[in-house]
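Asker: Got a structure for you, questions after.
The values are calculated or read from the model by the stated rules, or taken from the named source; none is laboratory data. Worth saying up front: this structure is predicted, and the values here are computed from it rather than measured. All Cβ positions, glycine included, derive from the backbone under ideal geometry; neighbour counts span all protein chains shown.
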Amino acid sequence: MDLSQLLNDVNDFVWGPIMLAFLVGTGIFLTVRLKFLPWINLWYAIKMIMLHKADKEGDLSPFQSLMTALSATVGTGNIVGVSTAMVLGGPGAIVWMWISAAFGLSTKYAESVLAVKYRETNSVGEMAGGPMYAMKNGIGGAFGKFMATLFALFAVCASFGIGNMTQANSISSAFSSLGMSTEMTGIILVVCSMAVLIRGVHSIGKVSSFIVPSMAFFYILFTVIVVIKNFGNVPSGLVTMFQMAFSTEAVAGGVGGSIIASMLTAMRWGVARGVFSNEAGLGSAPIAAAAARTDHASRQGYVNMTGTFFDTMIICFLTGLVIASSGVLGTVDPETGKTISGAPLTILAFSTVYGEGAKYIVSIALALFAYSTILGWEYYGEKSLEYLVKARPVIIGYRIVFSLITFIGATQTLDVVWNFSDTMNGLMAIPNLICLLILNKDIANECFDYQKNFIAQGK
């Protein structure tokens, strides 16, 4: 067996049914354990994003912290992942993305609470937090430190692949379809990445707080226009989504076209792509949450929790609705004989309204989404490396190397590296979920204390 096949098999296991059940199961447990408060307080959490201006210790405002986390999660999964899920799992996969995201709210809330509660201040006065510090300071002992080291190691490895090279490759693919060479794209990426990353977390926070809301607004605007134009197909599209999401037998028809899928298939791909997109339970987003200026761990938990709502319940759902309402799902490429999937399917859906312009809309959105992911994941990788190696020159070196590697990602096809990094990304979740289950009492105490002393009193 060659290395590529071995990694592929490991990857299939890591992102397989057992792991997905563990991810969603932890979300269900935490939702019940917290008495459904993350669901009940969702509107409150959304209001907190803009209203809360805590003058407390931390590196970023609550809004900048959320945008840094969103910059890493709002990425190729929102365009490529959704269309792939609908081809492999049918339109019903979108319903299961929603269901997994609903329980993912509680997971994202919980891991963010622990990140703020157990954070530390590093040698240059910046906040250092995330699952590794929750494991070290919350669980403690040899077991806690061992899990923390494992998590940090997996996160550093994942940052170069899933957070860097795969994103850079998506950008170069998008622009090559518009006539730009991969080498030129790579050079521009290196310059743009280094200009932001070399200056650290404050620079990442400022750029993310501009790019993320801007790109999300324009992408949502373009998707809503497509849905309105194709509104006659929306009711039947929604009906087909729910029928195929809960059908015990493999079915096809309606917006599904030639796509045949059962409930289990829809669940498998919907949950997998949903988790891949919003990263609830993987432990990455809490690293950004730990940098926030906030007066209570639970407050930032609520703010960061909204990332899952915006990423999956809004942006992914709208992409799915565009594809479902445009009637292109199940279209077969006449040249290859294969069902069109990924970015080409999303472009095909947009082209029902925008014609040739669809290629530019989707390509530019994909490039901006992927670039923001590079920025967010550099911060995750840097903080994880900082946990393992305290020397500042190593951290500065990481920022430079991380920027340079975008060129390799933009110009090379590295299937082995991608499979390896995807595996590392999934392996991060194991110690993180164990940590959430062990420290569930700490999470509940923070949640109920905040409910009693802040929300109930209108603070």
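Asker: Which of (1) part of a helix (DSSP H, G or I); (2) within 24 Å of residue 436 (Cβ to Cβ); (3) at pLDDT 80 or above; (4) over 15 Å from the mean Cα position of the chain (by Cα) does residue 35 not meet, given it meets every other one?
Answerer: (1)
Asker: So, restricting to helices (runs of 4 or more DSSP H) that lie completely within the range 167-276, which ones have at least 1 residues that are over 20 Å from residue 352 (Cβ atoms), of a type in the set (Ser, Thr, Tyr) and modelled with pLDDT of 85 or more?
Answerer: 182-197, 201-229
Asker: Would you pick out the residues in the range 110-148 that are within 12 Å of residue 290 (Cα to Cα), surrounded by 24 or more Cβ atoms within 10 Å (Cβ to Cβ) and of a type outside the set (Ser, Thr, Tyr)?
Answerer: 111, 113, 114, 115, 116, 119, 127, 129, 130, 131, 132, 134
Asker: Can I ask one more? Restricting to the range 207-228, name every residue that is loosely packed, with under 14 Cβ neighbours inside 10 Å and either in contact with a Phe, Trp or Tyr (Cβ under 8 Å, 6 or more places away or on another chain) or within 17 Å of residue 324 (Cβ to Cβ) (or both).
Answerer: 224, 228
Asker: Do we have residue 194 as crowded, with 24+ Cβ neighbours inside 10 Å and in contact with a Lys or Arg (Cβ under 8 Å, 6 or more places away or on another chain) here?
Answerer: So residue 194 fails the test.
Asker: Examine the range 5-22 for a residue that is polar (S, T, N, Q), over 30 Å from residue 360 (Cα atoms) and at pLDDT 80 or above, and state whether such a residue exists.
Answerer: Within the range 5-22, not a single residue is polar (S, T, N, Q), over 30 Å from residue 360 (Cα atoms) and at pLDDT 80 or above.
Asker: Hey, does the range 317-336 have a residue that's over 24 Å from the mean Cα position of the chain (by Cα), farther than 29 Å from residue 90 by Cβ, surrounded by fewer than 21 Cβ atoms within 10 Å (Cβ to Cβ) and among the small types (Gly, Ala, Ser)?
Answerer: Looking through the range 317-336, none of the residues is over 24 Å from the mean Cα position of the chain (by Cα), farther than 29 Å from residue 90 by Cβ, surrounded by fewer than 21 Cβ atoms within 10 Å (Cβ to Cβ) and among the small types (Gly, Ala, Ser).
Asker: Tell me, please, whether a residue that is closer than 24 Å to residue 343 by Cβ, of a type in the set (Gly, Ala, Ser) and at pLDDT 85 or above can be found in the range 300-319.
Answerer: Yes, the range 300-319 contains at least one residue that is closer than 24 Å to residue 343 by Cβ, of a type in the set (Gly, Ala, Ser) and at pLDDT 85 or above.
Asker: Right, another one. For the range 6-24, what are the residues that are touching a residue at least 12 places away in the same chain (Cβ under 8 Å) and not aromatic (Phe, Trp, Tyr)?
Answerer: 7, 8, 10, 11, 14, 17, 19, 20, 23, 24
Asker: Taking the range 149-192 on its own, how many of its residues are closer than 16 Å to residue 376 by Cβ and in contact with a Ser or Thr (Cβ under 8 Å, 6 or more places away or on another chain)?
Answerer: Going through the range 149-192 one residue at a time, the tally reaches 16.
Table: residues versus (1) over 22 Å from the mean Cα position of the chain (by Cα); (2) surrounded by fewer than 21 Cβ atoms within 10 Å (Cβ to Cβ); (3) without any contact (Cβ under 8 Å) to a residue 40 or more places away in the chain.
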position	(1), (2), (3)
411	yes, yes, no
426	no, no, no
431	no, no, no
435	no, no, no
444	yes, yes, no
453	yes, yes, yes
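Asker: Look through the range 121-137, keep the residues that are over 18 Å from residue 282 (Cα atoms) and of a type outside the set (A, V, I, L, M), and return whichever of them is modelled with the highest pLDDT.
Answerer: If we take residues in the range 121-137 being over 18 Å from residue 282 (Cα atoms) and of a type outside the set (A, V, I, L, M), then 137 is modelled with the highest pLDDT.
Asker: When you scan the range 49-163 for helices (runs of 4 or more DSSP H) that lie fully inside it, which ones turn up with 3 or more residues that are free of Cβ contacts under 8 Å to residues at least 24 places away in the same chain?
Answerer: 141-160
Asker: Shifting gears a bit: Here are some residues: 397, 330. Which one is in contact with a strand residue (DSSP E or B) (Cβ under 9 Å, 6 or more places away or on another chain) and of a type outside the set (Asp, Glu)?
Answerer: Just one listed residue meets the conditions, 330.
Asker: In addition: With (1) under 19 Å from the mean Cα position of the chain (by Cα); (2) crowded, with 24+ Cβ neighbours inside 10 Å; (3) under 30 Å from residue 17 (Cα atoms) as the list, and residue 362 as the residue in question, which single condition is left unmet?
Answerer: If we test residue 362 against (1) under 19 Å from the mean Cα position of the chain (by Cα); (2) crowded, with 24+ Cβ neighbours inside 10 Å; (3) under 30 Å from residue 17 (Cα atoms), just (3) comes out false.
Asker: Does residue 385 satisfy the condition of being within 19 Å of residue 203 (Cβ to Cβ) and modelled with pLDDT of 90 or more?
Answerer: In short, yes.
Asker: Moving to a separate point now. Any idea which of (1) touching a residue at least 60 places away in the same chain (Cβ under 8 Å); (2) farther than 22 Å from residue 232 by Cα is the one residue 324 doesn't satisfy?
Answerer: Result: residue 324 fails condition (2) only.
Asker: Has the range 383-399 got any residue that is closer than 23 Å to residue 172 by Cα and either charged (D, E, K, R) or under 24 Å from the mean Cα position of the chain (by Cα) (or both)?
Answerer: Yes - at least one qualifying residue is present in the range 383-399.
Asker: Now for a separate question. Criterion first (touching a helix residue (DSSP H, G or I) at 6+ places or on another chain (Cβ under 7 Å), more than 21 Å from residue 69 (Cβ to Cβ) and at pLDDT 90 or above) does residue 354 satisfy it?
Answerer: Against the criterion (touching a helix residue (DSSP H, G or I) at 6+ places or on another chain (Cβ under 7 Å), more than 21 Å from residue 69 (Cβ to Cβ) and at pLDDT 90 or above), residue 354 qualifies.
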